[in-house]
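First up is the structure itself, then whatever we jot down about it.
The values are calculated or read from the model by the stated rules, or taken from the named source; none is laboratory data. Quick caveat, the model's predicted, so the values are computed rather than measured. A quick note on method: Cβ atoms are made from the backbone with ideal geometry, for glycine too, and the neighbour counts reach across all protein chains shown. Side chains are part of the model used for accessible areas, which takes the heavy atoms of the whole protein and leaves out ligands, DNA and RNA. Shrake-Rupley method; radii C 1.70, N 1.55, O 1.52, S 1.80 Å.
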Amino acid sequence: MADVFHLGLTKQMLDGASLAIVPGDPERVKRIAETMENPVFLASHREYTSYLGYLNGKAVVVCSTGIGGPSTSIAVEELAQLGVTTFLRVGTTGAIQPHVNVGDVIVTQASVRLDGASLHFAPMEFPAVADFTCTTAMVAACRDAGVEPHVGITASSDTFYPGQERYDTVSGRVTRRFKGSMQEWQEMGVLNYEMESATLFTMCASQGWRAACVAGVIVNRTQQEIPDEASMKKTESHAVGIVVDAARKLLA
């Protein structure tokens, strides 16, 4: 019988793992685990697929979070109940600054809290900020891979369409709050949009856990809205290698 409500996991299954790599997409989990030693499938329930692997002889759990803050909060809470205290998010993203190119990598220092889930863990005045040590490991892993990352602020939205000011919807309607918001974030130097880091960072920073986030850029929204499939897979693979190397550094 599982020890937690949603993930289908027990503490024993994690073999003492204190670090988790948390992609959004369940299909990425196996690919990440297979870059480690002795990967083993653990469970799959709803959006949560999990594997165990080993780096430097230490167990690492890889668990998908699904899309957005609410499902991310469940995965992080239940992994923490099982002993995980470090969470490394890896994903893909849309850049909103003209100088950030497709194929580049963004390491998020902190996130604009455009979500609702983070408010269930700390008031809006509390910052959604990454852990310094984990972020430093992410940057070092990028440079070891021959990549100079963009390090900065991410806008983390609960919704893919209106919250990121997309008008290519059935209604074409964006509420007043978000009209012109992308230009405002650009003017403030925000690098990109994604959908999980605000919840992840707020949860972890407010509860004494560690978190960091790396994302491969699959589209620049100052140029186009739809990513190229081939470049998307290459960028995703690059980001996976970086997060695994960062995990290895943190476990050394």
Open item on the list: Below 9 angstrom from the Cβ of Leu9, what's the summed charge of the other residues (Lys, Arg +1; Asp, Glu -1)?
Closed with: -1
Task: Highest-MSF residue in the chain out of Ser18, Ser64, Ser181 [GNM, Cα springs under 10 Å] - done: Ser181
- [ ] Quickly estimate the mean residue ellipticity at 222 nm for the chain, helices only: each DSSP H run with n ≥ 4 gives -39500 (n - 2.57), and the total goes over all residues, rounded to 500.
- [x] -9500 deg cm²/dmol
Task: Debye, to nearest 20: dipole size of region 77-234, +1 on Lys, Arg Cβ, -1 on Asp, Glu Cβ - done: 180
Task: Label point distance in nm, Ser231-Thr10, each placed 7 Å from Cα along Cα→Cβ - done: 4.8
Task: Those aspartates and glutamates that a straight Cα-Cα span of less than 14 Å connects to Lys233, excepting residues fewer than 8 apart in one chain - done: Asp25, Glu27, Asp104
Task: Accessible solvent surface per residue of region 92-185, calculated while the other protein chains remain in place, 1.4 angstrom probe, Å² - done: 50
Open item on the list: Rounding to the nearest 10 and keeping the result within 0 to 90°, find how far the Cα-based axis of helix 69-81 lies from the longest principal axis of the chain.
Closed with: 20
Task: Extension gain from Asn38 to Ala140, taking 0.36 nm per residue of separation minus the Cα-Cα distance - done: 34.2 nm
Task: Positive-pole candidate from Ala117, Pro98, Ala137, dipole of region 72-142, charges at beta carbon - done: Pro98
- [ ] Please label the shape of region 123-173 as rounded, prolate or oblate, based on the square roots a ≥ b ≥ c of the eigenvalues of the alpha-carbon gyration tensor (a/c under 1.5 means rounded; beyond that, a/b larger than b/c means prolate, else oblate).
- [x] oblate
TODO: Would you list, by chain and number, the lysines whose Cα falls below 27 Å from the Cα of Lys11, excluding same-chain residues fewer than 8 positions away?
DONE: Lys30, Lys58, Lys249
Task: Surface share of carbon and sulfur [accessible, 1.4 angstrom probe, percent] for the chain - done: 54
Open item on the list: For the chain, take the longest principal axis of its alpha carbons; what is the angle in degrees between that and the long axis of helix 229-251, to the nearest 10 within 0 to 90?
Closed with: 50
Task: In degrees, nearest ten, helix 132-144 long axis to first principal axis of the chain (Cα) - done: 80
TODO: For every other residue with a beta carbon closer than 15 angstrom to the beta carbon of His99, add +1 if it is Lys or Arg and -1 if Asp or Glu, then tell me the sum.
DONE: -2
